Amino acid sequence: MRKFLVILDDTRECLNAMRFAAMRAAHSGGGVIVLSVIPPDENQPWMGVAEIMRAEARERIEAHFEVFAKWMRDRQGVNPELRIREGDPATQILEAIREDPEIGILVLGAGTDKSGPGPLVSQMTRQAGSLPCPMTIVPGDLSKERLESIT
């Protein structure tokens with residue numbers, strides 16, 4: 001089964017990327033993997049505090065994921081899978097794709113402000129030529145209706 005890998009983060013454009021991945025998976029008989037990456041906290045000198053912060057980050061990610069997962073199951077008939085990794089987001093995305101041969105498309109949401117599409121989209125597009133799968137960049141300001149019409 002072809003799977004869409006979509007990134008869950010704290011950005012507003014993440015919502016459209018989630019919608020797009022779920023709708024495309026539903027229309028093509030595919031699956032969705034939701035990846036969230038906890039960035040390394042290099043400024044934390046206390047290991048116990050760092051562990052607590054990672055645990056809290058995981059709880060936030062799981063709660064956020066459940067909102068999207070419920071919508072995907074109820075509205076699209078897609079049961080997404082959550083994967084949480086730690087490290088540099090771009091590196092973890094590439095490793096996730098290389099480790100799972102069923103991942104067929106990387107889906108990213110692009111920011112809409114004047115500063116550009118966002119650091120992750122910028123970083124991944126620089127590596128687009130060497131990605132082991134196609135990448136879809138979903139504009140963050142597309143309406144639900146437009147997303148439905150193009151998926």
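Throughout, read-outs are computed from the coordinates displayed, never taken from laboratory work. The structure presented is a predicted model; accordingly, all values stated were derived computationally and were not measured. Backbone-built Cβ (ideal geometry, glycine too); neighbour counts: all protein chains shown.
Qualifying GluC sites (Glu not before Pro) in segment 1-65, where qualification requires a DSSP coil assignment and no more than 14 other C-beta atoms within 10 Å, comprise GLU42.
Excluding ARG60 itself, what net charge comes from residues whose Cβ is under 12 Å from its Cβ, given Lys and Arg +1 and Asp and Glu -1?
Working: positive: ARG54, ARG58; negative: ASP9, ASP10, GLU56, GLU59, GLU62, GLU66.
The answer is -4.
Within the set of other residues whose C-beta is less than 14 Å from the C-beta of ARG83, count the net charge using Lys and Arg as +1 and Asp and Glu as -1.
That works out to -4.
Taking a straight Cα-Cα cut-off under 26 Å and skipping sequence neighbours fewer than 8 places away in the same chain, the lysines within cross-link reach of LYS70 are LYS3, LYS144.
For the chain, what does -39500 (n - 2.57) per DSSP helix run (n ≥ 4), summed and divided by total residues, give at 222 nm, in deg cm²/dmol to the nearest 500?
Calculated mean residue ellipticity at 222 nm is -14000 deg cm²/dmol.
Quote the charge dipole size of segment 50-118 about the Cα centre in Debye, to the nearest 20; the model charges only the Cβ of Lys and Arg (+1) and of Asp and Glu (-1). Don't skip to the end; give the middle numbers.
On the way: 10 positive and 14 negative charges, 56 e Å.
Magnitude of the dipole: close to 280 debye.
Taking LEU120, LEU35, LEU108 as the candidate residues, the one with maximal mean-square fluctuation in a Gaussian network model of the chain, Cα springs under 10 Å, is LEU120. The simple Förster model, with R0 at 41 Å and r as the Cβ-Cβ distance, assigns ALA63 and SER130 a FRET efficiency of 0.75. Taking all Cα-Cα distances within the chain, those exceeding 21 Å account for 44%.
Our analysis of segment 1-80 gives Rg over Rh at 1.09, with the two radii drawn from alpha carbon positions and Rh computed by the Kirkwood formula. When the trypsin sites (Lys or Arg not before Pro) in segment 94-131 are filtered for DSSP coil states and for at most 13 other beta-carbon atoms within 10 Å of their beta-carbon, the remaining sites are LYS114.
Legend: calculated FRET efficiency, ARG2 to SER143, from the Cβ-Cβ distance at R0 = 25 Å, rounded to 0.05, equals 0.45.
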